[in-house]
Amino acid sequence: MPFERWGGQPFFDALVERFYEGVAADPLLRPMYPEDLTESKAYLALFLAQYWGGPEAYNEARGHPRLRMRHAPFAIGEDEARAWVRHMTAATEASGLPDDEQALLLEYLTMAARSLQNTR
């Protein structure tokens, strides 16, 4: 199971921390997030951990992910999706995962970003 292979919750916490370093400095994405990123980081790390086989802590905290509904208030076009994937790619590449595991993670993240697009 990827969750265990990749190092459990600490892996996802670190991945999300690196991702948000990019988001915090991104003029396109930063306005979409609250001033305090603490809760956003925690929820993303829990969601990713759960998706990749970890405990259902995200569902316990927030219920079903309903990603499209949760992201509907934000205008997410190709530029926003590409920026999001760019920061996730940098965070993933810095993770130390083997190339094949990075590819697996990035395939999902890219699909997820595209599926959340709601504008052109």
_So residue 47, is it surrounded by 14 or more Cβ atoms within 10 Å (Cβ to Cβ), in a helix (DSSP H, G or I) and among the aromatic types (Phe, Trp, Tyr)_ = yes
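Has the range 62-70 got any residue that is open to solvent by 60 Å² or more (accessible area, probe 1.4 Å), at pLDDT 95 or above, out of contact with any Phe, Trp or Tyr (no Cβ under 7 Å at 6 or more places or on another chain) and farther than 20 Å from residue 2 by Cβ?
Applying the first criterion (open to solvent by 60 Å² or more (accessible area, probe 1.4 Å)) to the range 62-70 yields 62, 64, 66, 68-69.
Now narrow it down to the ones that are at pLDDT 95 or above: none.
No, that holds for no residue.
Would you say residue 98 is within 18 Å of residue 12 (Cα to Cα), out of contact with any strand residue (DSSP E or B) (no Cβ under 9 Å at 6 or more places or on another chain) and loosely packed, with under 13 Cβ neighbours inside 10 Å? Steps first, please.
Working: within 18 Å of residue 12 (Cα to Cα): yes; out of contact with any strand residue (DSSP E or B) (no Cβ under 9 Å at 6 or more places or on another chain): yes; loosely packed, with under 13 Cβ neighbours inside 10 Å: yes.
Yes; evaluated as a whole, the condition is true for this residue.
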*Do we have residue 36 as part of a loop (DSSP other than H, G, I, E, B), in contact (Cβ under 8 Å) with a residue 24 or more places away in the chain and of a type outside the set (Ser, Thr, Tyr) here?*
no
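The values are calculated or read from the model by the stated rules, or taken from the named source; none is laboratory data. Note that the coordinates shown come from a computational prediction; the quantities given were computed from them, not determined experimentally. Don't worry about glycine lacking a Cβ; one is built from the backbone with ideal geometry, like all the others, and counts go over all protein chains shown. Each accessible area value is taken on the protein alone, full model and side chains, heavy atoms only, with ligands, DNA and RNA left out. Shrake-Rupley method; radii C 1.70, N 1.55, O 1.52, S 1.80 Å.
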